[in-house]
Structure formats: structure tokens, C-alpha cells
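No lab work stands behind these numbers, since they all come straight from the coordinates. Everything numeric in this text was worked out from a predicted model, so none of it was measured. Backbone-built Cβ (ideal geometry, glycine too); neighbour counts: all protein chains shown.
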Amino acid sequence: MSFLAQRLSRIKPSPTIAVSTKAAELKAAGRDVIGLGAGEPDFDTPQHIKDAAIEAMRQGKTKYTAVAGTLELREAIAAKFKRDNGLDYTPDQITVGCGGKQTIYNALMATLDPGDEVVIPAPYWVSYPDIALLAEGSPVIAEAGPATGFKLEPGALDAAITERTKWLILNSPSNPSGGAYTRDELKALADVLVRHSHVWVLTDDMYEHIVYDSFEFSTIAQVEPALYERTLTLNGVSKAYCMTGWRVGYAAGPLELVKAMNKIQSQSTTHTSSISQAAAVAALNGPQDFIAEHNAVFKERRDLVVGMLNEADGLECLTPEGAFYVYPSCAGCVGRKTPEGKIIETDADFVTYLLEAEGVAAVHGEAFGLSPFFRISYATSTELLQEACSRIQRACAALS
Ligand SMILES: Cc1ncc(COP(=O)(O)O)c(C=O)c1O
């Protein structure tokens, strides 16, 4: 009998965290490595948010809070949903967790029974299938390839739904592709969901504010009010507010679901840090202008990276609407030979080659459920990105 639980064998450690860890180890060992695996902004948390945390400590806000989060924070979140998305949620309908990740975990743990299916468009954020598996559900992967800008088509959604489907997980803008759904594209998916009244939607809007070229963000409960009663709208402060380490994510939905999620959380972390919650209030209620400033920098980097990757022999890269990732195809490198004589057979081989030959750490597409691609995060300095893309070009040119 194994001491470790069987459920552990169903999942793998996060491959994106594994790449960042490997890059950091190689760097510590003296190798010249540029890490393009990080899923976090390279900007620091704005000062007014840090000040709010310090003030919270001074005021002794250092005790347990409500499991769902402080009322002050849930009121700030309700105001955010109204202001940005035109959605009405009461504080009771809102739950705050230790990052968006725990909030997704709570939702799936609270709703999935063995065999319940979760439709996940690929490429997907690496944690969705594994969280579904931990909760004893069955991920059903629906392909959303480059022909549609990595966005799920209504026909593919319809085909993926069965009577066991409990959730569709949508993520826009997407990690890893950066693709974001327009209002019309969301409406077309909503039309399918309206016909399948047993299917709920978990919309992960974590990158809502990181969009470019006047793209207008929409979320599904806003686009199709008929779905409000079966939508969990998820968001957080990690990305737009540069607060990944503070661990604050949140979601809003029907009361019964939110209560069930709070019940799960009450027996795990109880709540996220009281200090982080105070900081998140300042983030949501305070000035928002730094977001546009960051986006201007991200957009420049996106354009630089897309341009340079498209010049690399064997790579093809779309220009995504948002987030800080690109998801280029390396199909033109598969089947070719490295200077050491190794044939590149998969995207995993390709990223291993990039790391070994040129010290560039990216994440292979297989981790996100769609090959042969790889993910580059451009949340790093423009100079490093330029250097990394030159190295990628050199590595591609060296393949025969
Ligand atoms: C699409 C997506 N959702 C959720 C999360 C989780 O964010 P958090 O750091 O708030 O747990 C991430 C983080 O990488 C993400 O990319």
C-alpha cells in the first residue's frame, strides 16, 4: 500500500513553475539564462497599495477575517464588477481566496462529483485540468487552434457538451495564447450555452485589464444576462495590479455556489491574509492609471517579440489581443536537426534545445494542451526580450 494518496498520481506539478525553477537554478549555477517562463508582471506593486498594507498593520488589522473576505473588500469587488462589467453582485455573492487559483479550486471542489465533465478549451492555463482531476472530475479538452486566434468556436463547444458536462471554463484574455474573445464571439458561445441549461460557465477574467489596440473586454454574464444564474465570474489583483505574491483572487456568482465555495475554504486556508485584503481594497478603489502605463510597455514588447519571432526560420506567431504571452507555432522546426545531430520531434524537444543551445527558457505547448507550440511570457525587460529573440532566431537558423 502506498503512503501517498492515489489522487496524487492523477496530477502533475505546474509545468510553468517547473520551467521558472529550472531557469533560476541554471542561473544560480552561473549559466547565462533568460527566463521567459514567468507568469507575472515584472513591475513592482504600486506604492499606494503597499502603503495601505502598512497602514492595515498599524491599525491592527491582523486578526482572522470572515472566510469569504472582509466586507470592505467584498464591497470594493462589488463596485468593481458594476463599474467595469455592468454586473450586479451583492457582497454575499462574492468570495475571496488565496489567489485566483484557490478560488477555482474551491469552485471545482464544491461542485464536481466523480465523472462530472469540465469542458476546457486548449490551449489552456495549465492548472484547469489538474484542479478538475483533483476534484475527481473529468476534463474534456476542446481544441481552439490558431485558425480562430486560439478561441473556441461555437460548434466545437456544442460538440464537447454531454449530459455529464457541469462546467465550461473560459479564459479571456488567455494564458497561454493572449487571445481574447470579442463581445460577438462570446455571444455566439452564449447562444450554445443557453440551449444546454445544465452547463455552468466559469469565466476566468484574470487578464481583463491587460488588453491592447483599443480591444474592448467583455465577460459572458454581461453579454448574455440569461447566463447570470449559472456563471461564476472570476478575477483577481495578481496580474493587473502586480500583486502575484499577495495572494488575492475572487469570484462572484449565485449565492448557493458561493456559500458552497466558502464552506470548502473554511476547512482549508480559512481566508487569505488580512493585510493582503486591505491592500486589495486600495488596489480596486484607488487610482487605476498605472495599468494603462504598464499596458503601453507590454504592447511595445508584444510587438517587438511577435515581429522578431516571425522573422525566425520555422516559427509563426499571431498577434494576441491581451495578457503578456505569445504562443508561437514551432511546426516549421519539427523534423529538423540540431547542430548536435538531434532531431526535433516535439515542442518539448524544441524548448529543451532553446535552453541548452542558447539559454532561453520557454514553456512547451504540450503543457497547455496544444502542440506544436511554445509559450513566451514578455513580462520581462525589453532589452532581455530583444536578446532572447535574437538567440531564438540564431537557434532556429542553426537547425538543418
Ligand atoms: C489564466 C489564469 N488564471 C488564474 C491564475 C491564478 O492567479 P493567482 O496568482 O491569482 O492565483 C493565473 C496565474 O497565472 C492565470 O494565468
Report task. Can you list which of the chymotrypsin sites (Phe, Trp or Tyr not before Pro) found in the range 43-98 are DSSP loop residues with at most 11 other C-beta atoms within 10 Å? Result -> 64
Requested in this report: Relative to the longest principal axis of the C-alpha atoms of the chain, give the angle of the C-alpha long axis of helix 15-28, reported between 0 and 90° and rounded to the nearest 10°.
Outcome: 60 degrees
Query raised in the report: Based only on Cα atoms, what Rg/Rh ratio does the range 257-324 have, Rh being taken as Kirkwood's radius?
Result: 1.24
Report task. Determine Rg/Rh for the range 31-166; Rg is computed over alpha-carbon atoms and Rh is the Kirkwood hydrodynamic estimate from the same atoms. Result -> 1.05
**Report entry** Sites excluded, trypsin sites (Lys or Arg not before Pro) in DSSP loops with at most 14 other C-beta within 10 Å, longest stretch of the chain
**Finding:** 165-341
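Ratio of alpha-carbon Rg to the 2.2 N^0.38 Å globular estimate for the chain, to two decimals, please.
It is 0.98.
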Requested in this report: Note down the magnitude of the dipole of the chain about its Cα centre, charges +1 on Lys and Arg C-beta and -1 on Asp and Glu C-beta and zero elsewhere, to the nearest 20 debye.
Outcome: 1080 debye
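With respect to the cross-link table entries 27/337; 50/239; 27/299; 187/299; 151/187; 12/101, which display a Cα-Cα separation exceeding 20 Å?
Those over the limit are 27/337; 27/299; 187/299.
Count the net charge of all other residues whose Cβ sits under 13 Å from the Cβ of residue 343, scoring Lys and Arg as +1 and Asp and Glu as -1.
Taking every other residue near residue 343 into account, the sum is 0.
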**Report entry** CD proxy at 222 nm, helix term only [per DSSP H run n ≥ 4: -39500 (n - 2.57); per residue of the chain; nearest 500]
**Finding:** -12000 deg cm²/dmol
Report summary line: Under 12 Å by backbone N from the virtual spin label 7 Å along Cα-to-Cβ at residue 356, the residues of the range 322-341 are 338-341
Report summary line: Any residue on another chain or 5+ positions along whose placed amide H is under 5 Å from the amide H of residue 231 is listed here as 201
Report task. Calculate how steeply helix 274-285 sits against the longest principal axis of the alpha-carbon atoms of the chain, using the helix alpha-carbon long axis, and give the answer as 0 to 90 degrees to the nearest 10. Result -> 80 degrees
Query - Spin-label pair residue 292/residue 57, simplified geometry with 7 Å Cα→Cβ offset, distance in nm - result: 3.3 nm
**Report entry** Under 5 Å, built H, 5+ apart or other chain: amide partners of residue 140
**Finding:** 118, 119, 120
Report summary line: Taking a label point 7 Å from the Cα of residue 229 along Cα-to-Cβ, the residues of the range 160-181 whose backbone nitrogen sits under 19 Å from it are 166-168
Query raised in the report: For the range 91-250, what is one quarter of the convex hull surface built on the Cα atoms, given in nm²?
Result: 9.1 nm²
Report task. Treating the angle as unsigned and between 0 and 90°, give the value, to the nearest 10°, between the Cα long axis of helix 47-58 and the longest Cα principal axis of the chain. Result -> 50 degrees
Query - Range of Cα positions in the range 75-134 per principal axis (Å), largest first - result: 36, 24, 20
Query raised in the report: Once the dipole of the range 44-91 is set up with Lys and Arg at +1 and Asp and Glu at -1 on Cβ about the Cα centre, which of 49, 66, 91 lies farthest towards its positive end?
Result: 66
Query raised in the report: Which whole-Hz couplings ³J(HN,Hα) result when phi for each residue of the range 288-295 is put into the Karplus expression 6.51 cos²θ - 1.76 cosθ + 1.60, θ = phi - 60°, listed in order with x for Gly and Pro?
Result: 10, 5, 5, 5, 5, 5, 5, 4
Requested in this report: Choose one of 272, 320, 309: the residue whose Cα lies farthest towards the positive end of the charge dipole of the range 263-362 (beta-carbon charges +1 Lys, Arg; -1 Asp, Glu; about the Cα centre).
Outcome: 272
**Report entry** Net +/- balance of residues flanking residue 217 in space, Cβ distance below 10 Å, scoring K and R +1, D and E -1
**Finding:** -4
Query raised in the report: How big is the Rg/Rh ratio for the range 207-320, C-alpha atoms only, Rh by Kirkwood, two decimals?
Result: 1.07
Report summary line: Averaging 1/r across every pair of distinct alpha carbons in the range 272-400 and inverting yields a Kirkwood hydrodynamic radius, in angstrom, of 16.0 Å
Query raised in the report: Using alpha-carbon pairs under 8 Å, 6+ residues apart, how would you state the relative contact order of the range 16-113 in percent?
Result: 16 percent
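When Lys and Arg each count +1 and Asp and Glu each count -1, what net charge do the other residues less than 12 Å away from residue 385, Cβ to Cβ, add up to?
Net of charged neighbours comes to -2.
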Query raised in the report: Could you state the per residue volume, in Å³, of the convex hull enclosing the Cα atoms of the range 166-233?
Result: 79 Å³
